[in-house]
1. Taking the Cβ of A:G36 as the centre, find all other residues whose Cβ is under 15 Å away and add up their charges (Lys, Arg: +1; Asp, Glu: -1).
2. Considering only B:A45, B:T56, B:T189, whose Cα is most displaced toward the positive end of the charge dipole of segment B:2-220, charges sitting on Cβ of Lys, Arg (+1) and Asp, Glu (-1)?
3. Filter the cross-link list B:K49/B:K193; A:K55/B:K180; A:K223/A:K264 down to pairs whose alpha-carbon distance in this structure exceeds 26 Å.
4. Could you work out the relative contact order of segment A:187-258? I mean the mean sequence separation of Cα pairs under 8 Å and 6+ apart, divided by the number of residues, in percent.
5. Put +1 on the Cβ of every Lys and Arg and -1 on every Asp and Glu Cβ in the protein assembly as shown; which of A:V33, A:C271, A:C170 then has its Cα farthest towards the positive end of the dipole?
6. Could you tell me the extents of segment A:208-327's C-alpha atoms along the three principal axes, largest first, rounded to whole Å?
7. As a test, work out the antiparallel percent of DSSP beta bridges whose residues both lie in the protein assembly as shown, rounded to the nearest 5.
8. Aspartates and glutamates within cross-link reach of A:K114: Cα-Cα under 13 Å, excluding same-chain residues under 8 positions apart?
Amino acid sequence: MKGCLVWILAEQFGGKVQDISFELLARGKSLAVAKGARLCAVILSSALPDEELRKLVEHGADCVLAMESELLNQFNIEPHAAAMLEAIEKYSPHIIIAGATSSGRTLMPYVAMKSYSGLTADCTILEIEPETGLLLQTRPAIGGNIMATIKTPGRLPQMATVRPRSTRSCKRIEGRSGDIIRHSFKTEKVTSNTRVVDFIPAEDEVSLQDAEKVVIIGRGIKKVENLEMIRDLCDVLGAALGATREVVDRGWLSYPHQVGLSGKTINPELCVSIGVSGAIQQLAGMQTSKKIIAINKDPDAQIFNTADFGIVGDLFEVVPMLIERIKKGALTW
Amino acid sequence: MRIFVLIKQTPETRSMKMDEKTGTVTRNGVDNIVNPLDLYAVEVALQLKDKVSGETVAISMGPPAAESALREVVSMGIEKVFLVCDKTFAGSDTWATSYTLGNAIQRIGKFDLIICGERAIDGDTGQVGPETAAYLGVPVVAYVNKVHEVTGNEIKVSRLVENGEEIVSVKMPALLTVVKETAEPRLPTLDGKIHARDVEVIKLSAADLNIDPKKVGLEGSPTRVVKISKPQITRKCEMHKTGNKKPVSDAVESLVNFLNRMESVSE
């Protein structure tokens, strides 16, 4: 663990290292290089096989610190926080980057409070300030209207979360070498007041935040019956379906589909917005998508200012025609 | 059952405007509202109270004007309200806010459950709930989308996770953060509104709390905003109008070409 000042919090589910871990390693790598430090992936779980932990090394970790206990198999806040705090106390990292996931967003604030240090949520840019070696954490603020750059001077560890899918994973290098340290976490002193009693997998075909392609619909689709056409488009594109708050508030789609300030933030390769006006709070949920296509009948709709490709027209003409072209094999991918 | 709800007064972000020259946000003429996501927490608290009986208390930290936010939740049915307010609290980040709120909660007394909204629409961090739980040394379950049942000192809830839902049994006292799905916030009643006008908003200042003055406000905050900048708009939109002799099929053909030019998706 010598020189491992930069940590990322890897995640596992059902004994498998999750993709967010590899994305975080990409973030961590550039910080570690800038600091001239080694990169450590810390993982909290029951004992995982070597080949699973080696994936973290092959994706860029110089060192893997596995805090192991049966109590850490599922996410329960008290044992997870205790294990993380023990790891921090033992090895004194300067920086910890975690995923803005359901567990990361629960654990990291808990740890931040207990260690009296700062945590910045949903950072889009992470850099090292050359003069001080401090972590510069940049995030959208006030509905994405401004970007705020935040520092945690004088306190350690400096902590930040980044949204899943906001970073490309490091390429896997087979046979890459690194240390794996297994640390048996003694749980005698920790009681968990929470207990996971059941898990219900999502019915949705694709998780919105993991999807490479997303179709977002707004009020412009007019009525719930028109969803069928949109679902057809999602099928032919292989896209997940998202919606603005207006659509969810009308009960046309459930809340897990909501994209925007009060819903999910997505970061897909392709975002096709249909009948979406492009109000600030909508854009906040999708404006970092790699490519944005907008279909809207209003030429002055704000969405066109944030799009790469726009069609001003009637979505009820455009969408069926597009579906048909794709069905006939118009796409080369 | 004693249920505390943490609420925040926020500017109505929808009506906020950018000052194009300075890149800052003008709050002039912007209305203050109860953070919309906190209303779901209020509703969950009221429903629990109806089911198992008890007392509901709302606590807010903010400027004197935040009193109106507390009155609003009284009009929905919350019984007791506290405003944690002091000039020295200004500029608190999530750590200092949670430290102060946690302290105020200890001062207010015993609770079985604290319920928070998922996050505030202005700060947008979602950190104050879990941080307050950490300060108080109670468990937290975040992203709760269903409250199932209360049996004795246990509450069973569902929380949203990346690939589904986890059903979690929690020993109280505990803190939950709830998402929109949990409940549909009720509207204020006329009686409620009348009551809200006269209800006492109990104020807690720094002097009322057992806090370390070095740990509150800007000075006590571990984080510092060092720079504010405008997000860069780098997109240039390839626009295709339809109608007026411009057939939809042409635009769709261009769209197909655009999709085919996207390398990363085709990888």
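1. Net of charged neighbours comes to 0.
2. The residue sitting most towards the positive pole is B:T56.
3. A:K55/B:K180
4. So the answer I get is 31 percent.
5. A:V33
6. 33, 28, 26
7. Beta bridges within the protein assembly as shown, antiparallel portion: roughly 35 percent.
8. By straight Cα distance, A:K114 reaches A:E78, A:E86, A:E89, B:E131.
Computed from the coordinates by the stated procedures, all read-outs in this text should not be read as laboratory data. Bear in mind that the values here come from a model prediction, so they are computed numbers and not experimental data. Here the Cβ is made from the backbone with ideal geometry for all residues, glycine too, and neighbour counts use every protein chain on show.
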